[in-house]
Amino acid sequence: MLTHVEWLALSLTAKLALTTTLILLVFGTPLAWWLSRTRSRLRPILEAVVALPLILPPTVLGFYLLIALGPTGPIGGLMTRLGGAPLAFTFAGLVIGSVIYSLPFVIQPLQSAFSAIGERPMEVAATLGAAPFDRFLHVALPLARNGYLTAAVLGFAHTVGEFGVVLMIGGSIPGETQVLSIAIYDNVEMLNYGRAHWLAGGLLVLSFCMLMVVFIVNRRFIVGRAG
Amino acid sequence: MMLEARFHVRRGSFRLEAGLSVPAHGVTAIFGESGSGKTTLLRAIAGLEANPGGYLRIGETVWQDEGFFVPVYRRALGYVFQESSLFAHLSVRGNLEFGRKRAQRAGGKDGAVGFSETVELLGIESLLPRAVGQLSGGERQRVSIARALLRNPRLLLMDEPLTGLDLRTRHEVLPFIERLHTELSIPVLYVSHAPDEVARLADYLVLLDKGQIVATGPIDAMLTRLDLPLAHGDQAEALIEAVVASHDDEFGLTLLDFPAGRFTVPKKNLRIGASVRLRILARDVSLTLERQANTSILNIFPATVEEIGSEGESQNLVRLNANGIPILSQITRKSTVALGLVPGKRVFAQAKSIALLA
């Protein structure tokens, strides 16, 4: 069925998507919470920054990342001076790129889930003796659980579907930066349409199934809430 | 023990300027039109409303003072919101345990009322395993009240807990709130704009208008003060606490004692010695100069005219003192003149209808 290189591409894609999603969920939670609660004038600026990857061509993002992560760029240069290697064309570089590229797909569902909770349950929890972090952990998080599911699936699926950014900053090194979308592109370039069909079809089915899960769960959530 | 509070809250164009001193026992109703600041006052007492420079003391415990503010979650208070606000992600039992667990962690022991007593008091035993979404409006509000009580509060704050409910459901929940009053010793601040709820529940009344406290005092005095809006209109009334003296089985009557005499009402299934609250509408009380002998009216008692106020062009509202108990009578101005009523005059009051509230 799959060749060794294709297996490498598949597992690398899964690893990249999982790492990216986890990082985004952990660091996105405080940011999404802050965005849902703040009245600061900085909020629209931050919201615009978070939404930028939605509309920017991946090549633009990839281009700036390439410069920043390369040996002469601010981040790549710092890495070199610290005795490391520049991040362009490495897995770590891909993770940084993916985190930025998929940021809105995780932050926005979390932010709207937190906003939908409103102030009242948090006030109720306070009158019942729950301190701020206790309230967040035992009221806000469980009430936002569907937002977390949506954020996780969208973040994961969007990272799996990433192409332009990877092409710009990762290239196509098997086992290091050659993800599925790149492998498909390489196959098409070499006119291996049979192999491309396998990978493209698999990715299509997988993405469809993940989105189905999100919509089924969200629907049940809405119906359950009305009760 | 007293509850003392002083708050200045500004929200947009609305200002609450409230200085308050009420007994920290029994039920104190905070009464006023919508928009008068009742909820804001209650939220300020809970610590949910930022109000720099405020002051709040309950008994010997200071919750707020200059540069000192106990956060909401460290105040031993229960808060029942207007809409039930149960946690949707927890079962009924999970909701009840939420505050109880945290109170036990903080205080180390169970509250004045245990879990099973509280559940029984509010009649929610059978609801415990249910999901919150499966409850009716009345059940939700009863669970909310139980949840607030299990937090082991020193003060229970209730913000119009019956307002969102239809009439039938209100009558379902009201008796449970009355039981809090008779069976627990936790002081209650009860926000309402419904005069009938206040008449049934309150011992003490705070009257609020446009963010200012107009008057405070015991409920019977407040309802009969002619300078306050409560003593006007169709529903002007007096409240009287009476004690069940005996039953008359032959005629199917119950006799109730109060300081100025004895009331006779249709028989009610009440224990001898039980306390009841009676309501007499001003328009049901007529006055005579001498005790009527040949009349069908049974409830006649002597009183002294204290004050006479106008009620429109043709009516007068008379406040009577019946051995210390204030009673209102609404009569025509013509009758006032005919009987020569002036403050200090001795009269007999005849009540043609008396309602038992609890």
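The values are calculated or read from the model by the stated rules, or taken from the named source; none is laboratory data. Worth saying up front: this structure is predicted, and the values here are computed from it rather than measured. No Cβ is skipped: glycine too gets one built from the backbone with ideal geometry, and neighbour counts run over all protein chains shown.
From A:Ala32, A:Ala9, which residue is aliphatic (A, V, I, L, M), surrounded by 19 or more Cβ atoms within 10 Å (Cβ to Cβ) and modelled with pLDDT of 95 or more? Even if it seems obvious, please write down each step before you answer.
Working: A:Ala9 fails: modelled with pLDDT of 95 or more.
Exactly one residue qualifies, and that residue is A:Ala32.
Looking at B:Leu127, B:Leu155, can you tell me which residue is surrounded by 15 or more Cβ atoms within 10 Å (Cβ to Cβ) and within 12 Å of chain A (Cβ to nearest Cβ)? Lay out the reasoning, then the answer.
Details: B:Leu127 fails: within 12 Å of chain A (Cβ to nearest Cβ).
When all the criteria are applied, what remains is B:Leu155.
How do the strands (runs of 3 or more DSSP E) wholly within segment B:285-358 filter down when requiring 2 or more residues that are within 26 Å of B:Glu197 (Cβ to Cβ): which remain? Spell out how you get there, then give the answer.
On the way: elements: B:285-288, B:299-311, B:315-322, B:325-332, B:346-351.
Hits in segment B:285-358: B:299-311, B:315-322, B:325-332.
Against the condition under 13 Å from A:Gly129 (Cα atoms) and modelled with pLDDT of 90 or more, how does B:Gly107 come out, does it pass?
No.
Quick one: would you say A:Pro57 is of a type outside the set (A, V, I, L, M) and either free of Cβ contacts under 8 Å to residues at least 12 places away in the same chain or surrounded by fewer than 21 Cβ atoms within 10 Å (Cβ to Cβ) (or both)?
Working: of a type outside the set (A, V, I, L, M): yes; either free of Cβ contacts under 8 Å to residues at least 12 places away in the same chain or surrounded by fewer than 21 Cβ atoms within 10 Å (Cβ to Cβ) (or both): yes.
Here the answer is yes, as A:Pro57 does meet what is asked.
Hey, could you check segment A:60-84 for residues that are exposed (fewer than 14 other Cβ atoms within 10 Å of the Cβ) and not in a loop (DSSP other than H, G, I, E, B) and say which is nearest to the chain's Cα centre (by Cα)? Before the answer, list the steps.
Applying the first criterion (exposed (fewer than 14 other Cβ atoms within 10 Å of the Cβ)) to segment A:60-84 yields A:71-72, A:74, A:78, A:81-84.
Among the residues that remain, those that are also not in a loop (DSSP other than H, G, I, E, B) are: A:74, A:78, A:81.
On the way: A:Pro74: 24, A:Leu78: 25, A:Arg81: 29 Å.
For segment A:60-84, the residue satisfying everything is A:Pro74.
Please go through segment B:28-68 and give me each residue that is of a type in the set (Asp, Glu) and surrounded by fewer than 13 Cβ atoms within 10 Å (Cβ to Cβ), ordered by number.
Selection gives B:Glu33, B:Glu60, B:Glu66.
Of the numbered conditions (1) crowded, with 17+ Cβ neighbours inside 10 Å; (2) touching a residue at least 24 places away in the same chain (Cβ under 8 Å); (3) touching a Lys or Arg at 6+ places or on another chain (Cβ under 7 Å), B:Glu4 fails exactly one; give the number of that condition.
(1)
Pick from A:Gly194, A:Gly201, A:Gly129: which is more than 26 Å from A:Leu103 (Cβ to Cβ), without any contact (Cβ under 8 Å) to a residue 60 or more places away in the chain and at the interface with another protein chain (Cβ under 10 Å from one of its Cβ atoms)? Walk me through how you get there before you give the answer.
Numbers: A:Gly194 fails: at the interface with another protein chain (Cβ under 10 Å from one of its Cβ atoms); A:Gly201 fails: at the interface with another protein chain (Cβ under 10 Å from one of its Cβ atoms).
So the residue among A:Gly194, A:Gly201, A:Gly129 that is more than 26 Å from A:Leu103 (Cβ to Cβ), without any contact (Cβ under 8 Å) to a residue 60 or more places away in the chain and at the interface with another protein chain (Cβ under 10 Å from one of its Cβ atoms) is A:Gly129.
So how many residues does segment A:141-152 have that are surrounded by fewer than 22 Cβ atoms within 10 Å (Cβ to Cβ) and either of a type in the set (Val, Ile, Thr) or within 10 Å of chain B (Cβ to nearest Cβ) (or both)?
Looking only at that region, the number is 4.
Of the residues B:Pro187, B:Pro229, B:Pro195, only one is touching a helix residue (DSSP H, G or I) at 6+ places or on another chain (Cβ under 9 Å) and either closer than 26 Å to B:Ser310 by Cβ or buried (at least 19 other Cβ atoms within 10 Å of the Cβ) (or both); which?
On the way: B:Pro187 fails: touching a helix residue (DSSP H, G or I) at 6+ places or on another chain (Cβ under 9 Å); B:Pro229 fails: touching a helix residue (DSSP H, G or I) at 6+ places or on another chain (Cβ under 9 Å).
Testing whether each residue is touching a helix residue (DSSP H, G or I) at 6+ places or on another chain (Cβ under 9 Å) and either closer than 26 Å to B:Ser310 by Cβ or buried (at least 19 other Cβ atoms within 10 Å of the Cβ) (or both) leaves just B:Pro195.
Looking at (1) more than 10 Å from chain B (Cβ to nearest Cβ); (2) small (Gly, Ala, Ser); (3) buried (at least 21 other Cβ atoms within 10 Å of the Cβ), which one does A:Ser112 not meet, given that it meets all the others?
(3)
Give the residue, chosen from B:Gly99, B:Gly133, B:Gly107, that is out of contact with any His (no Cβ under 6 Å at 6 or more places or on another chain), crowded, with 16+ Cβ neighbours inside 10 Å and within 14 Å of another protein chain (Cβ to nearest Cβ).
On the way: B:Gly133 fails: crowded, with 16+ Cβ neighbours inside 10 Å; B:Gly107 fails: crowded, with 16+ Cβ neighbours inside 10 Å.
Going through B:Gly99, B:Gly133, B:Gly107 in turn, just one is out of contact with any His (no Cβ under 6 Å at 6 or more places or on another chain), crowded, with 16+ Cβ neighbours inside 10 Å and within 14 Å of another protein chain (Cβ to nearest Cβ): B:Gly99.
Within segment B:4-89, which strands (runs of 3 or more DSSP E) (wholly inside it) include 3 or more residues that are closer than 29 Å to A:Arg135 by Cα and either in contact with a strand residue (DSSP E or B) (Cβ under 9 Å, 6 or more places away or on another chain) or among the charged types (D, E, K, R) (or both)? It would help to see each step written out before you state the result.
On the way: elements: B:14-23, B:27-31, B:55-58, B:61-65, B:77-80.
It comes to B:55-58, B:61-65, B:77-80.
Would you check if B:Ile177 is within 13 Å of the chain's Cα centre (by Cα), under 23 Å from B:Gly26 (Cβ atoms) and away from chain A (no Cβ under 14 Å)?
Answer is yes for this residue.
Would you check which residues across segment B:47-71 are within 14 Å of chain A (Cβ to nearest Cβ) and within 13 Å of B:His8 (Cβ to Cβ) and list them?
B:Glu49, B:Ala50
Can you tell me which of B:Glu139, B:Glu160 is more than 14 Å from chain A (Cβ to nearest Cβ), of a type outside the set (A, V, I, L, M) and crowded, with 18+ Cβ neighbours inside 10 Å? Steps first, answer last, please.
On the way: B:Glu139 fails: more than 14 Å from chain A (Cβ to nearest Cβ).
Matching residue, one of B:Glu139, B:Glu160: B:Glu160.
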